[in-house]
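Written below as structure tokens is the structure these notes are about.
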Amino acid sequence: MRMRLQVRVIEARNIPAMDLNGLSDPYVKVQLGRQKFKTKVVKKSLNPQWGEEFGFRVDDLNEELVVYVLDEDKYFNDDFVGQLRVPVSKVFDSEDKSIGPCWYSLQPKNKKSKNKDCGEILLTIYFSQNNSSVNLNCNGESPSRTFNSSSNSPSLRQEEIAFSKDDKSCVQKSFAGRLALIFNKHSDTASSSSTYSDGSEPPETAGPEIYENKYEDQSSSDTFEKVMSTMETRDQGSETPSNLPGGVVLDQLYQIAPPDLNFSLFSLDSSFPKSVAEAQGTTELQQGCWKFENNGENLKRVVTYIKAPSKLIKAVKATEEQTYLKADGKAFAVLAIVSTPDVMYGSTFKVEVLYCITPGPELPSGEHSSRLVVSWRVNFFQSTMVKGMIENGARQGIKESFEQYAIVLSQNVKLVDSKELGSNKEQVLASLQVEPQSDWKLAVQYFLNFNVFFTIIMGLYVLVHIWLATPSTLQGLEFVGLDLPDSIGEFIVCGVLVLQGERLLGLISRFMQARAQKGSDHGVKAQGDGWLLTVALIEGSSLAAVDPSGSSDPYVVFTCNGKTRASSIKFQKSNPQWNEIFEFDAMDEPPSVLDMEVYDFDGPFDEATSLGHAEVNFLRNNISDLADIWVPLQGKLAQACQSKIHLRIFLNNTKGGNVVKEYLSRMEKEVGKKINVRSPQTNSAFQKLFGLPPEEFLINDFTCHLKRKMPLQGRLFLSARIIGFHTNLFGHKTKFYFLWEDIEVIQVVPPTLSSMGSPIVVMTLRPGRGMDARHGAKTQDAEGRLKFHFQSFVSFNVAHRTIMALWKARSLSPEQKVQIVEEESEAKILQTEETGSFLGLDDVSMSEVYSCALPVPTSFFMEAFSSGGELETRVMEKSGCLDYSSSAWESEKSDVYERQIHYRFSKSISRYRGEVTSTQQKFPLPDKNGWLVEEVMTLHGIPLGDNFNLHLRYQLEELPSKSKECNVQVFFGIAWLKSTKHQKRITKNIQKNLQDRLKGMFSVIEKELVAR
């Protein structure tokens, strides 16, 4: 008879960070005497989960079980995290000879260690008894012990007599003595005739196995559906695990619901596993029943089979332990750990395969779909010189196995064609309709509340009182027609009535606006050929209430590749229903991100409240997954209310394969060098390396060094949307990428001794951007800007020109925007009249918005309109115009000059910090005693800015009596390009803001004249 100590290492929490990336790669080493075991390594985690169990032979109860938690280091000795010591006698003396599951605090290596907080570890420790008489029922029954009287009765009775005579307090903690005590717990009350006959069982306290096996009895006897139902009730919203680092071997959509696909793959009643075994040549397939372990926390089963021989190895027996990591009824995740101890070096590694089943997009037919993703990795328990050979062999075997797996699965379950989803885009969008809402329903929604009811009752009460009461005599300061309150009570009642009346009028105003707003459509049709982005805004959920009425007036602003679309405004809604479609004009390169901001509407220039923001990254999401998605909003208000927006996003390429060639030919002009189209195999390897979608294509790659503490040689990959770096030196991989839009500035540092005589390209990202790549950054400033240093390019000039060309294509400076405006304006023929008015100003209704006489000469005032002049720059900067740039005045015809302007609004002018591109034209007045300056402004990045153009006219005349004074008149008008329900509101808001801005500008001009 042997006693074994079972140790189950479950998980740990709050492990200290041992690596530079703020994480650790922890594993556990368990030791009892000379017996040692080690768990798998959990990469980049401070709360690792292992779920592994080890058994130790116990020879002496005086020994201690030592548990070490270590951090794996590829190049140096593994870092010590914490330790724990548990006396074996403590486990033996405990009830049922079992401890746990229990959290233990890890202790530092010694008392002098600086880090006293080493985290906690969850362990289960118990004794198990193994001999030839111990039987474990296959159905999960608790073990039973059978003793043969002829074999063990004499020796056992002698030990019973000896221990009954000795003092139990003097019994040594030896293995033999403890073993005898197991059967002598009731020796004081047992009679001399306590010898058991054949087949009898002594009474015994149930160990931990009995407690756990009650779940095994249930899981083995229940059907697969009942087991899944039990798992669904226990799944507390856990996240779907990420793909294993070995790579994805299967990623496909199937026309089947996730629970049904889960049943087909893992149920004992399914014929699919047998079909796969036949196709792969696997024999002796034995599938164990699903059983709950660890007090019902884990659902596991064991599958054994003999793998068919291959070119490299012969037929080998494999044991596969499958564990459910997630099963909530919608998504399922199963981790399969495959061990093949009979192969060479088979005891040093195990192959892990992760099956993830998630809901796919809803099909046009109304049926459900599922997405199956299978990933894998090799987990080494011991270091070996043939690690690379083992990984390559496993990779080839996994690839071949799952190619057959996918073929068999496609024969049993219908595949979903992604082209079919794209072709039904029009059908999906056509189904979006705004729910009709009657006026009576709106009236009930807005007016059925306590304030309205109380106001009406009070109003009726006052009217009845006036009807019944007789006129009072005049008192105090009253006179005929003025009846003042005669007491404090009357004064308070009058104040309450006024406040309630004001609230009622506000509700009526809100109701009228909401009624006028219903059924509005803000869709904009796309133009051109290329990448067409279509966004369907369905609805919002739990938006923050910022108005005093307890709701908000939300609208959504979408931004992609510098283009903006704004939705309609929903008044008094916390769960608005939009059902609006937005199409972005064709883009030459695929978009990287779609920025979304939800605002509470208060006018184009007034201070508005952001209800939340979000970002949809096209590089990290599959296009099919975006066809129907709920996007959670970020921000204090949004996170407090758990706000989210329902979107349907479609991205199509109308140019086909030519889009890549056209983009490369355009880049060749910027770089000045031929750029070859990469092969499909190269592009596929590039996409797999960084986990990019199929539409991403590689443009160029360069060998260089990444400068951190020490230079790290690798390759820099450039594509239309990202810049990525990858290296693999001595098995240590470094990989990251960030978007071109994330880069704020690119600088070239002259060669230094530390850069080995090579110029350094320094890329500084915008604050808070590219945090996924921070492990490759050299520094990070106080504002959160990451700086990446690349050096030692083989061909620096080509690399630098390519980098700058791709960056400029995605991030244009204000000067470049002005240049584009100039080129576009040159291509258009401006329709001018003989009077000098241009761009149809005569067709716009102009009204005087500001007029004054300034003690400033006309010539000095016109310096505010001189391109690049000192006065103009100061006036524009102090009036809230950032990044101001203007082109030179050019003569269009006799005495008529024209120029282009670009700038951004500061936060003091516009909450949205929109941009302005304008065209100005100036010409002298007919009597030559002044100037006329006309301007057409286009606003970008503000709500409803695409609906109108702003027209201004500055008329400047010299005063005849005073040569050093001038009269200035400013006229204002709006040309509406698209109709909107808010024309009066927007006009009033812009007019007020413009008046304040003009006062500030003219005040600055006066001060500048005095300063000179």
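The values are calculated or read from the model by the stated rules, or taken from the named source; none is laboratory data. Model, not experiment: these values are computed from the prediction. Using ideal geometry, Cβ is built from the backbone for each residue, glycine included, and neighbour counts are taken over all protein chains shown. The protein model used for the area step is the full one, side chains on, heavy atoms only, and it has no ligands, DNA or RNA in it. Shrake-Rupley method; radii C 1.70, N 1.55, O 1.52, S 1.80 Å.
Can you tell me how the range 637-757 classifies by the Cα gyration tensor, rounded, prolate or oblate, using a/c under 1.5 as the rounded cut?
Here the range 637-757 falls in the oblate category.
For the range 255-332, what value does the Rg/Rh ratio take when both radii are computed over Cα atoms and Rh is the Kirkwood radius, given to two decimals?
Result: Rg/Rh = 1.03.
What nm value, rounded to one decimal, do you get for the distance between D251 and K674 when each label is placed 7 Å out toward the C-beta?
Inter-label distance under the simple model: 3.4 nm.
Using R₀ = 22 Å, calculate the FRET efficiency as 1/(1 + (r/R₀)^6) where r is the Cβ-Cβ separation of S45 and Q107; round to 0.05.
Result of the calculation: an efficiency of 0.60.
Report, to two decimal places, the Cα Rg of the range 1-42 normalised by 2.2 N^0.38 Å (N = number of residues).
Normalised Cα radius of gyration, the range 1-42: 1.55.
Name all residues of the range 628-645 having a backbone nitrogen under 20 Å from the label point set 7 Å from the Cα of H613 along its Cα→Cβ direction, giving them as ranges.
631-645
Provide W103, W531 ordered by accessible surface of protein heavy atoms (probe 1.4 Å), highest first.
W103, W531
Using a cut-off of 14 Å between beta-carbons, work out the net charge of the residues near V593 (Lys and Arg +1, Asp and Glu -1, V593 not included).
Net charge around V593: -2.
Tell me, in nm to one decimal, what length is gained between N14 and N967 on full extension, where the rule is 0.36 nm per residue of separation less the Cα-Cα distance?
Extending this stretch completely gives an extra 335.8 nm.
Spin-label point model (7 Å from Cα, Cβ direction): what's the Q411 to I629 distance in nm?
The modelled label-to-label distance comes out at 3.6 nm.
Using a probe of 1.4 angstrom, how much of the accessible area of the range 867-961 is carbon and sulfur, in percent?
44
Tell me the net charge near K1007. Cut-off is 13 Å between Cβ atoms, K1007 excluded, with +1 for each Lys or Arg and -1 for each Asp or Glu.
Within the 13 Å Cβ shell, the charges total +2.
At a 1.4 Å probe radius, which order do K669, K90 fall into by accessible area, largest first?
The ordering from most to least exposed comes out as K669, K90.
Give, as a single signed number, the net charge of other residues whose beta carbon lies under 15 Å from the beta carbon of Q475, with Lys and Arg counted +1 and Asp and Glu -1.
Net local charge, Q475 excluded: -4.
Sorted by accessible area (1.4 Å probe), largest first, how do L23, L664 line up?
Result of the area sort, largest leading: L23, L664.
What's the extension gain from S347 to S275 if we count 0.36 nm per residue and subtract their Cα-Cα distance?
23.0 nm
When only Cα pairs under 8 Å and 6 or more residues apart are kept, what is the percent relative contact order across the range 914-1012?
18
With just the Cα atoms defining each centre, how far is the range 314-382 from the range 861-912? Give it in Å.
Here the two parts' Cα centres lie 63 Å apart.
Given 37 °C and 0.692 mPa s, compute D for the range 644-711 with the Stokes-Einstein relation, Rh being the Kirkwood radius over Cα pairs; round to the nearest whole µm²/s.
Here the translational diffusion coefficient equals 219 µm²/s.
Suppose the Debye formula is applied to equal point scatterers at every Cα of the range 879-1008; what is log10 I(q)/I(0) at q = 0.11, 0.13, 0.19 Å⁻¹?
Each listed q maps to, in turn, -0.46, -0.64, -1.27.
Given labels modelled 7 Å from the Cα in the Cβ direction, how far is it in nm from V302 to A975?
Once both label points are built, they end up 8.1 nm from each other.
What FRET efficiency would be calculated for the residue pair K330, Q35, taking the C-beta separation as r and a Förster radius of 51 Å, to the nearest 0.05?
FRET efficiency, K330 to Q35: 0.70.
Just list whichever of K40/K111; K74/K688; K787/K878; K669/K808; K291/K399; K661/K808 have alpha carbons separated by over 22 Å in the model shown.
Pairs exceeding 22 Å: K40/K111; K74/K688; K787/K878; K291/K399.
Report the full-extension gain for the segment A1011 to T727: residue separation times 0.36 nm, less the Cα-Cα distance, to one decimal in nm.
Stretched fully, the A1011-T727 segment lengthens by 96.2 nm.
Rounded if a/c is under 1.5, else prolate if a/b beats b/c, else oblate: with a ≥ b ≥ c from the C-alpha gyration tensor eigenvalues square-rooted, which is the range 70-129?
Note, shape of the range 70-129 comes out prolate.
Restricted to Cα positions, what overall size does the range 918-980 have along the principal axes? Three whole-Å values, descending.
Cα spread of the range 918-980 along its principal axes, largest to smallest: 47, 18, 17 Å.
One quarter of the convex hull surface, Cα atoms only: what value does that give for the range 1-126 in nm²?
Average projection, Cα convex hull of the range 1-126: 8.3 nm².
On the full set of protein chains, 1.4 Å probe, figure out the accessible area of H368 and give it in Å² to the nearest 10.
Around 120 Å² of this residue is reachable by solvent.
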